[in-house]
Amino acid sequence: MSTATMQSPDELTVEHVVTRAPVSRAQRWGAGIALILIGLLTIWRFGIDGHHDQDAKIQLGATGAAHVPHFSIPAVPVAWVAGIITVLLGLLWLAVPRRRWFGLIMGIGIGLFVVALICWLASASSSAFVDVVGLLTSSINLAVPLILGALCGVMCERSGVINVAIEGQMLAGAWTSALIGTVVGAAAGMLAGAFAGALLGALLAVFAIKYLVNQVVLGVVLNVLAAGLTGFFYDAFMQPHTQALNQPPLLDPIKIPLLGDIPVIGPLFFDTSIIVYITYVLIVAVDVWLFRTRWGLRTRAVGEHPKAADTVGINVLGMRYRNVIIGGAIAGLGGSYFIFEVGQFQKNITSGQGFIALAALIFGRWSPRGAVAAALLFGFASAMQVTLSINAPAIPSTFVAMVPYIATILAVAGLVGKVRAPAADGEPYVKD
Amino acid sequence: MSEQTFDPAADPQAHLVAADGQRPAPTGFWSRLAASNLMVTVLAIVTAMLIGGVLIAMADPKTQDAAHYFFQYPWDTFTYGFQAIWHGYVALFEGAIFNPHTAASGTLAGYFNPISETLTNATPLILGGLSVGLAFRAGLFNIGGQGQVIAGAICAGFVGFHWQLPYGLHLLLGIIAGILGGAAWGGLAGLLKAKTGAHEVITTIMLNYIALYLLAYLLSVKGFQKPPYGQAISYPVHKTAQLPPLLGGSVRVHAGLILALLAAWFFAWLIDRSTLGFRLRAVGANQFAARTAGMNVENSYITVMLIAGALCGLAGVSQILGTNTQLTGDIDAGIGFDAITVALLGRANAKGIVAAGLLFGALHAGGTQMQSATGTPIDLVQVIQALIVLFIAAPMLVRAIWRIKGTGTGIGGQMAKGWNG
């Protein structure tokens, strides 16, 4: 903030006053103590109690592939260094909390913990190793449906319609993709999945916008409806005729010529299935669309203050219909990802991923970039679960599975910064 | 459906609507009936059952075959279709209310098994519905029934199979443990809302999954998991801690039903007669007015979520000490989400919730029979349930379909507010 004080025409002095955005007490103490605890845990579990007799063996690629880069580092010193830095970061945050450093400090702290954890896992026995590229690849694969679901949430909720039915839209998309994918082909299956998601989105839009139904109630009911309908049609049609109706083709990975040959990054990002490439495009598209286009500006206006938007001539209800239906299509595509990864539709194939996507949306503070980052984080947590259950079966992997949910609760409770939804999110707009 | 015993006067919105005088009072019995919520409820059920009928016909193999030559001889499609619907709904009735085939054997189970199944299914639905309904009345949306049922079932189950106590005392302690477990899980969401403003919908969804993973963990540790540790299933609850059967051992209905009815009575007393209930309703109707009137809104949030959690905990008790005797990964059986539909159909009042719980319990019991008798997938019940609530929530749509006049918003309309509300 700057205030200009004019004393006389000759003598103009400009006084700069810098005010810092205050950090709430909960955030200051919650984040600081959390960092110190994480640091101490790292030192104790991976340092003092670590595997002193083994080095951490890190591989950058699957065993068996030609020329896999690999190296080994001593795990215990890494843990000590990581833990001490994390504790220092926690103390630094407690002493001088600055809001703009928050993401950086938390990111470094949690990143160091993860590095120490991976080193610890990779030194668990003489044969243990961790394939970092494989871990990241499966993180991305697990994150793709979450990203698509969360982008659906961004579209809907930025325009002011709460979407708790992401799960249902994904499920509808998955069922339809399996059917059309088997009968016609993979491309048609993806389109059909997106269409089914859009259909459920349209249902959500009509009931929320036209019939003014409470949107959380509506989302829950649509989830039940989607689970019931897909389950019913699965039992009635698909189960008896699996060969003819539920045998969709798997999508082969497509390698992009030059980019795919880069070591580590190539196989990680540029050698995957078409849906993942579409996801990359959608991430950029939604972000640009929301913050760089007229439509996006209007969408945000409708989501924040529909009355003001209406006053300047924006079609509030029309914007909401379009955004919710497009969002539904994105979630439906997320549903078809399950089909073309697994190969068959099963009842409740989405198994709560739609709700994790909702969590990612909220954890990412209703912004596309934040939601994608949160989805990747949650995908990494799921991938970590598998690595943990292989290298350290003593640690119950169910606790790792809880990470996304606990993180989201902490986020909405304000322990890791203020999370605020679009102001008019969930409020139906009635012209008076 | 014969269980529909709604009292329109007990409509939770009636006082709200009457207060601002938006709804003109219709005169005459028939027009009043047509404009009432009861009419919307009945028509919503009828519409949902009609759509369900179409689905039954679509799933019937004979109808499917006939549809192949629909344009040569359409009559076959309709004949077989209607036969399928008739047989499906007859089987639904036989599974839920009375089955003349099994009654012919003359045994107690033959007569009462269908109704016993309905009541067994209805018990946790009523308890869960009361939980969600109570939160509704206080302006909160308890979407965390699943987690609270699981928490209640874990605590009650642990007391049930781990402790050795005499009859009576053991059951009592089991029930209390279940109530406390559910209350803690629900109260956590209330506490978060009161202290930090975290929206209860978000926290309760997250707590559902945390409870699911906690249960999965417990079912893999010694002390909980039953040897030989192959399956994710707990030790069985001791006989001393089980809810006694109401109609002898041959049918499943158990004393959990009495708990549910007592809870419904308590709900009605709490909401309509007690000071606390008045405070909760005031907070639900307008939290700012309630705060201005000197009420402690934050405390109300904690209290209501504690009680709501306790009611779901009781549903967990009914699951683990009554219907089942061992904890499994799906001990909640979807009650948490079904309870939301029960509370909405019951319009968040005690009588309505009991009736709605009985209706959905009957649908579940009948759905099982329908699946085994006619091969219609039981998921149909879920579809019908969702459709009923969808229509109830949008009375304008139902009235438009059946071309009747009337006004009034749907349930939950008065609390249509967003994450920031």
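Values quoted throughout were computed directly from the atomic coordinates according to the rules given, and no laboratory measurement underlies them. These figures come from a predicted structure and were not determined experimentally. Because the Cβ atoms are built from the backbone with ideal geometry, glycine has one as well, and the counts that use them run over all protein chains shown.
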Sticking with the crude label model, points 7 Å out along Cα→Cβ, report the distance from A:Ser126 to B:Trp86 in nm, one decimal please.
-> 7.8 nm
Within 10 Å of each Cβ in peptide A:162-169, how many partner chain Cβ atoms are there on average? Round it to a whole number, please.
-> 1
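Please arrange B:His364, B:His238 by how many other C-beta atoms lie within 10 Å of their C-beta, fewest to most. Each step should come with its number before you reach the end.
Values: B:His364 24, B:His238 20.
In increasing order of surrounding Cβ atoms, one gets B:His238, B:His364.
Hey, can you list the DSSP H helices of chain B whose Cα span along the axis is 27 Å or longer and whose average Kyte-Doolittle score is at least 1.6?
Working: long enough: B:37-59 (33 Å, 2.29); B:74-96 (33 Å, 0.17); B:108-137 (41 Å, 0.74); B:169-196 (39 Å, 1.34); B:297-317 (30 Å, 1.51); B:350-374 (35 Å, 0.69).
Those that pass (Cα extent of 27 Å or more, hydropathy at least 1.6) are B:37-59.
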Which FRET efficiency, nearest 0.05, do B:Asn286 and A:Asn315 yield, Cβ-Cβ r, R0 45 Å?
-> 0.90
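Compute the Cα gyration tensor for chain A, then decide on rounded, prolate or oblate, letting a ≥ b ≥ c be the square roots of its eigenvalues: rounded whenever a/c is under 1.5, prolate when a/b is larger than b/c in the other cases, and oblate in all that remain.
Numbers: a/c = 1.93, a/b = 1.04, b/c = 1.86.
Oblate shape, in that a/c is at least 1.5 and b/c is the bigger or equal ratio.
Work out the length of the dipole vector of the protein assembly as shown about its Cα centre, built from +1 on the beta-carbon of each Lys and Arg and -1 on the beta-carbon of each Asp and Glu, and round it to the nearest 20 debye. All intermediate terms of the calculation are to be shown ahead of the outcome.
Numbers: 44 positive and 36 negative charges, 365 e Å.
Using only the charged Cβ atoms, the result is roughly 1760 debye.
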R0 = 35 Å: FRET efficiency of A:Val17 with A:Arg365, Cβ-based, nearest 0.05?
-> 0.80
Aspartates and glutamates with Cα under 12 Å of B:Lys195, excluding same-chain neighbours fewer than 8 positions away = B:Glu298
Inter-part gap, Cα centre of region B:237-279 to Cα centre of region B:209-224, in whole angstrom, is 27 Å
For n ≥ 4 DSSP H runs only, could you compute -39500 (n - 2.57) per run for the protein assembly as shown, divide by its residues and tell me the 222 nm figure to the nearest 500?
-> -21000 deg cm²/dmol
Going fewest to most other Cβ atoms within 10 Å around each Cβ, A:Thr387, A:Thr311, B:Thr196 line up as A:Thr311, B:Thr196, A:Thr387
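For B:Thr275 and B:Asp330 in one chain, what is 0.36 nm times their gap in residues minus the Cα-Cα distance, to one decimal in nm?
Fully extending the segment from B:Thr275 to B:Asp330 adds 16.0 nm.
So if we plug the beta-carbon distance of A:Arg45 and A:Tyr280 into 1/(1 + (r/R0)^6) with R0 = 35 Å, what FRET efficiency do we get, rounded to 0.05? Could you put the intermediate results ahead of the total?
Values: r = 37 Å, r/R0 = 1.05.
Computed FRET efficiency for A:Arg45 and A:Tyr280: 0.45.
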Residue (of B:Ile202, B:Ser234, B:Gln164) at the positive-pole extreme of the protein assembly as shown, dipole from beta-carbon charges = B:Ile202
Which number gives the lysine pairs in chain A that have C-alpha atoms under 26 Å apart and are eight or more places apart or on different chains?
-> 4
Along the three principal axes, how long is region A:61-220 when you take its alpha carbons, biggest first, rounded to the nearest angstrom?
-> 61, 49, 21
Mind telling me which of A:Gly296, A:Gly260, A:Gly160 comes out most flexible in a GNM of chain A, alpha-carbon contacts under 10 Å?
-> A:Gly260
Ordered by number, the chymotrypsin sites (Phe, Trp or Tyr not before Pro) in region B:208-293 that occupy a DSSP loop and have at most 15 other Cβ atoms within 10 Å are B:Tyr229
Specify whether the C-alpha gyration tensor of region B:68-136 places it in the rounded, prolate or oblate class, a ≥ b ≥ c being the square roots of the eigenvalues: rounded for a/c under 1.5, otherwise prolate if a/b is larger than b/c and oblate if not.
-> oblate
Ordering A:42-48, B:339-345 by per-residue average of other C-beta atoms within 10 angstrom, highest first, gives B:339-345, A:42-48
Cα→Cβ-extended label distance, 7 Å offset, between A:Arg294 and B:Asn296, nm = 5.5 nm
Taking every residue of A:420-426, the Cβ atoms of other protein chains inside 10 Å of its Cβ average out to 4
Which one of B:Gly178, B:Gly152, B:Gly375 has the biggest mean-square fluctuation once chain B is modelled by GNM with Cα springs under 10 Å?
-> B:Gly375
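Would you mind calculating the gained length between B:Ala104 and B:Tyr229 on full extension (0.36 nm times residue separation, minus the Cα-Cα distance), in nm to one decimal?
Details: separation 125, 0.36 × 125 = 45.00 nm, distance 4.36 nm.
Stretched out fully, the B:Ala104 to B:Tyr229 stretch lengthens by 40.6 nm.
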Using Cα centres only, tell me the gap between region A:279-339 and region A:27-48 in whole Å.
-> 40 Å
Prolate/oblate/rounded label for the protein assembly as shown (Cα gyration tensor, a/c 1.5) = rounded
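Tell me, A:Cys152, B:Cys155 in order of fewest to most beta-carbon neighbours within 10 Å? Walk me through the intermediate numbers first.
Working: A:Cys152 35, B:Cys155 25.
So the ranking, lowest neighbour count to highest, is B:Cys155, A:Cys152.
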